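Once you've had a glance at the structure underneath, I'll fire off some questions.
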Amino acid sequence: MSRSTEQRIWDALTHVHDPELEVDVVNLGLVYEVKVDGGRAELLMTLTSIGCPAQGLIEEQVRLHLGVVEEIEEVDLRWTFDPPWTPARITEEGRDFLVSMGYL
């Protein structure tokens, strides 16, 4: 059984890391929504804080890593702070990593 394009996008996003926390954007809970419309990936994401200095780097990495998903020709990345990110969005895997690094 082959993985769907959406699943390959989620997998690719696990290679995009917050440069300060070193956790990927999926396990950090920064990805709110992924949709596929033909060759277009539509993403709704947030950051840990408004004015996060890593926004440009994260966006660049998202586009780079989604570039390997061959069905995707265009990435529409929208940022939102509604609802605002909270640490409750971190997955168990992300939390375990942060604990191992002494952040939590």
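Computed from the coordinates by the stated procedures, all read-outs in this text should not be read as laboratory data. Computed from a predicted model, the values in this text were never measured in an experiment. So basically every Cβ, Gly included, is an ideal-geometry build from the backbone, and we count neighbours across all protein chains shown.
Specify the longest stretch of the chain that does not include any exposed loop site, a site being one of the chymotrypsin sites (Phe, Trp or Tyr not before Pro) with a non-H, G, I, E, B DSSP assignment and at most 12 other Cβ atoms within 10 Å.
Result for the longest clean stretch: 1-80.
Express in whole angstrom the spacing between the alpha-carbon centres of region 7-45 and region 70-104.
8 Å
What value, in deg cm²/dmol to 500, does the helix sum -39500 (n - 2.57) over DSSP H runs of n ≥ 4 give at 222 nm once divided by the residues of the chain?
Calculated from helices alone, the mean residue ellipticity at 222 nm is -8500 deg cm²/dmol.
Which listed residue (64, 31, 49) has the Cα farthest towards the positive end of the charge dipole for region 5-86, taking +1 on Lys and Arg C-beta and -1 on Asp and Glu C-beta about the Cα centre?
It is 49, whose Cα lies furthest towards the positive end.
Sticking with this structure for a sec: When the chain is fully extended, how far beyond the present Cα-Cα distance does residue 79 get from residue 14, taking 0.36 nm per residue of separation?
Result: 21.6 nm gained on full extension.
Let me spell out the model: positive unit charges on the Cβ of Lys and Arg, negative unit charges on the Cβ of Asp and Glu, origin at the Cα centre of the chain. What dipole size does that give, in debye rounded to 20?
160 debye
Sticking with this structure for a sec: Over the Cα atoms of region 1-86, compute the convex hull volume and normalise it per residue, giving Å³.
Considering the Cα atoms of region 1-86, their hull volume per residue is 93 Å³.
Specify the angular offset, from 0 to 90 degrees and rounded to the nearest 10, of the alpha carbon long axis of helix 55-66 from the longest principal axis of the alpha carbons in the chain.
40 degrees
Moving on to the next point. Lys and Arg at +1, Asp and Glu at -1: add these up for the other residues within a Cβ distance under 14 Å of residue 72 and post the number.
-4
Give me the net charge of residue 99's neighbourhood, meaning all other residues with Cβ under 14 Å from the Cβ of residue 99; Lys, Arg count +1, Asp, Glu -1.
-3
Follow-up. With an 8 Å Cα cut-off and a minimum separation of 6 or more residues, compute the relative contact order for the chain in percent.
31 percent
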